[in-house]
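These notes are about the structure you will find just below.
The values are calculated or read from the model by the stated rules, or taken from the named source; none is laboratory data. None of these values were measured; they are calculated from a predicted model. Note: ideal-geometry Cβ built from the backbone for every residue, glycine included; neighbour counts use all protein chains shown.
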Amino acid sequence: MTLEQVAQRFRERKWPRRRRPPPATYLEMADRAQEDPEPYDPNSFDDVTAAYHRGELSDDQYDTLAKAMAESKRAEDRRMGEGSADRHKG
């Protein structure tokens, strides 16, 4: 399977979301820095990141897959936003 075929699968799949929103202020970022990291989430992008840190993916491969995952999440956000707008119409 080529990198582009894997990236296309990443674009087509639904990715798990983090449980809480990202910090909005520097104070919240400082507080989070003192907390334990969120637990490993199987079948998430954590698997790709782990492979990258083990040296199994190059920088270019990781970037390609990260962009594909982000495209998938943006498309899902757009679909959710459209559904929300439809519910408020009538």
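Just to be sure, is residue 11 free of Cβ contacts under 8 Å to residues at least 24 places away in the same chain and not in a loop (DSSP other than H, G, I, E, B)? No. Look at (1) touching a helix residue (DSSP H, G or I) at 6+ places or on another chain (Cβ under 7 Å); (2) farther than 29 Å from residue 79 by Cβ and you find that residue 14 fails only one, number (2). Scanning segment 25-68 for residues that are hydrophobic (A, V, I, L, M, F, W, C), modelled with pLDDT under 95 and part of a loop (DSSP other than H, G, I, E, B) returns a single hit, 45.
If you go through segment 24-48 and keep only what is charged (D, E, K, R), surrounded by 10 or more Cβ atoms within 10 Å (Cβ to Cβ) and over 30 Å from residue 12 (Cβ atoms), you end up with 28, 31, 32. Scanning segment 7-17 finds one or more residues that are in contact with a Ser or Thr (Cβ under 7 Å, 6 or more places away or on another chain) and of a type in the set (A, V, I, L, M). Conditions: (1) loosely packed, with under 11 Cβ neighbours inside 10 Å; (2) under 12 Å from the mean Cα position of the chain (by Cα). Residue 20 meets all but one. Number of the miss? With respect to (1) loosely packed, with under 11 Cβ neighbours inside 10 Å; (2) under 12 Å from the mean Cα position of the chain (by Cα), residue 20 is out only on (2).
Contact map, segment 30-50: residues that are over 18 Å from residue 71 (Cβ atoms) paired with residues that are of a type in the set (A, V, I, L, M) and modelled with pLDDT of 90 or more, Cβ distance under 6 Å, separation 6+ or inter-chain. No pairs are found. Taking (1) modelled with pLDDT under 90; (2) under 12 Å from the mean Cα position of the chain (by Cα); (3) not charged (D, E, K, R) in turn, residue 90 satisfies each apart from (2).
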